[in-house]
Amino acid sequence: MSKVGIIMGSTSDMPVMQDAIDILESFDIAVEVDIVSAHRTPDKLFDYGKNAHTRGIKVIIAGAGGAAHLPGMIASLSPLPVIGVPVKSSNSIDGWDSVLSILQMPGGVPVATVALDGAKNAGILAAQILGASDKDIQHKILKYKEGLKDKVIEGAKNLKK
């Protein structure tokens, strides 16, 4: 079974990252959730980055606020695709520091980056990555997107009433 690793720098990131967990679970994709601080638990970060793929993880979603080094450091250590979620935190400069820290990666160390607090989109992107080689997941993504379309059409109908 495909598995997505969801990591964050502290428990304060959990309300944002819960959206990734929820959407992946709605697609019946297994998740492994952990706290891995780039600054407070560097040994754990190195272990996670170097070994996640050996535990069946296929994609890593890393959420971080402030200086937001977690996604980039994990990407530097792991052979897996990493999706960074910038989190607007209490020590953040309106979230821009987090966005830019994750977005502005050097050549050779890519991190896919979603919007500030955009964990739901990170979960959807992880599912789409998995769906490229798993037809069951791809079918669930197609059904989800059809539901989005239906919701917009229904909303337009309600406007005309």
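Rule-based calculations on the coordinates, nothing more; no lab input. Note that the coordinates shown come from a computational prediction; the quantities given were computed from them, not determined experimentally. Cβ: placed from backbone, ideal geometry, glycine included. Neighbour counts: every protein chain shown.
How many angstrom lie between the C-alpha centres of region 94-109 and region 35-62? Between the Cα centre of region 94-109 and that of region 35-62, the gap is 18 Å. Among the listed values [x] 17.8, 57; [y] 16.4, 59; [z] 16.5, 52, the one computed from these coordinates for Rg and Dmax of the Cα atoms in Å is [y]. One chain, two ends: residue 136 and residue 93. Fully extended at 0.36 nm per residue, the span grows by 11.4 nm beyond their Cα-Cα distance. Put in line by how crowded their Cβ is, counting other Cβ atoms within 10 Å and starting with the fewest, 39, 69 read 39, 69. Measuring against 20 Å, Cα to Cα, the residue pairs 88/149; 3/50; 88/145; 58/135; 88/120 contain 88/149; 88/145 as the ones spanning a longer distance.
From helices alone, the chain scores -15000 deg cm²/dmol at 222 nm; the rule is -39500 (n - 2.57) for each run of n ≥ 4 DSSP H residues, then divide by the residue total.
Among 107, 84, 123, the largest mean-square fluctuation in a Gaussian network model of the chain, built with springs joining Cα atoms closer than 10 Å, belongs to 107.
Taken about its Cα centre, region 3-159 carries a charge dipole of about 320 debye when Lys and Arg each add +1 at the Cβ and Asp and Glu each add -1 at the Cβ. Between residue 159 and residue 144, the contour length at 0.36 nm per residue exceeds the alpha carbon distance by 3.1 nm. Close amide H pairs (under 5 Å, H built 1.01 Å from N) link residue 6 with 32, 33, 34, 61, residues at least 5 positions away or on another chain.
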